[in-house]
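Undergrad: I have a structure I would like to understand better, so I am pasting it below and will then ask my questions one at a time.
Please treat every number below as a calculation from the coordinates, not as lab data. Bear in mind the structure is a predicted one, so any value in this text is a computation, not a measurement. All Cβ positions, glycine included, derive from the backbone under ideal geometry; neighbour counts span all protein chains shown.
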Amino acid sequence: MCRTVCEPDGMRLLVVEDDPSIAEPLRTGLERDGFEVNWVSTGADALTAEPADLVLLDLGLPDIDGSAVCRELRERSSVPIIVVTARGDEIDRVSLLELGADDYVVKPFGIRELTARVRAVLRRTQGAAPTEPDRTLVVGDLSIDQRTRKVSRAGTSIDLTPKEFALLAYLAAEPGTVLTREQIIHDVWDEHWWGPTKTLDVHIASLRKKVGAELIETIRGVGFTIPEPPDGR
């Protein structure tokens, strides 16, 4: 089941980087690790490139701001996006995650570090979810089909990013159970997650906008839960 994630052969990466001195060794290193790499140097080319399994997106592009490219890519598809940035403050990073990026890497970085991040994101977005992938979760009028990755509420389809889907499925698998922030970060993101914990709040806020604020309850000082519906369904 995890063949395409655990083994990079055949996995197509889109590298969006305008600096050849960075892009060339990056492409060489990723290809050496078994990935197929398509390199483009502008935001316009990124938006017209062939579909990829993951996008490595530099923010400092010459024609279109990388944040705008990230937003546009996310509106078009659920392709995993790793932002490559030299901007160090946390506000920038959280904003990027709000735009739909799945992860970020800060320059300078080593190819081994980057490859590890790529594999981790592919594993999280294309591998098995924390809950069983072959069943449909139903909590009240919320339905989550883990096989097709489709979500609906009261019959209305809801579009989610891969990370939003994983987070919602994780919470919905145990309705009524309070899951701590540490548990969620460990299981939905990565046990070695090194980003700000505010990332979780960003995704919770986005989910509430899409599925309904009342569906996800905050337990102050502990974590989050999706309450059991009154009829126990």
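Undergrad: Calculate the spin-label point distance for R147 paired with K107, positioning each point 7 Å from the Cα along the beta-carbon direction, and give it in nanometres.
TA: 4.6
Undergrad: Write down, largest first, the equivalent ellipsoid semi-axes of segment 24-73 in whole Å, where each equals the square root of 5 times an eigenvalue of the alpha-carbon gyration tensor.
TA: 20, 12, 9
Undergrad: Still on this structure, I have one more. Order the peptides 112-125, 27-40, 217-230 from the highest to the lowest mean number of other Cβ atoms within 10 Å of their residues.
TA: Output ranking for 112-125, 27-40, 217-230: 112-125, 27-40, 217-230.
Undergrad: Let me ask something else. Which value in Å does the Kirkwood hydrodynamic radius of segment 136-225 take, with 1/r averaged over all unlike C-alpha pairs and then inverted? List each step's numbers first, then the result.
TA: Values: mean 1/r = 0.0750 Å⁻¹.
When all Cα pairs of segment 136-225 are included, the Kirkwood radius is 13.3 Å.
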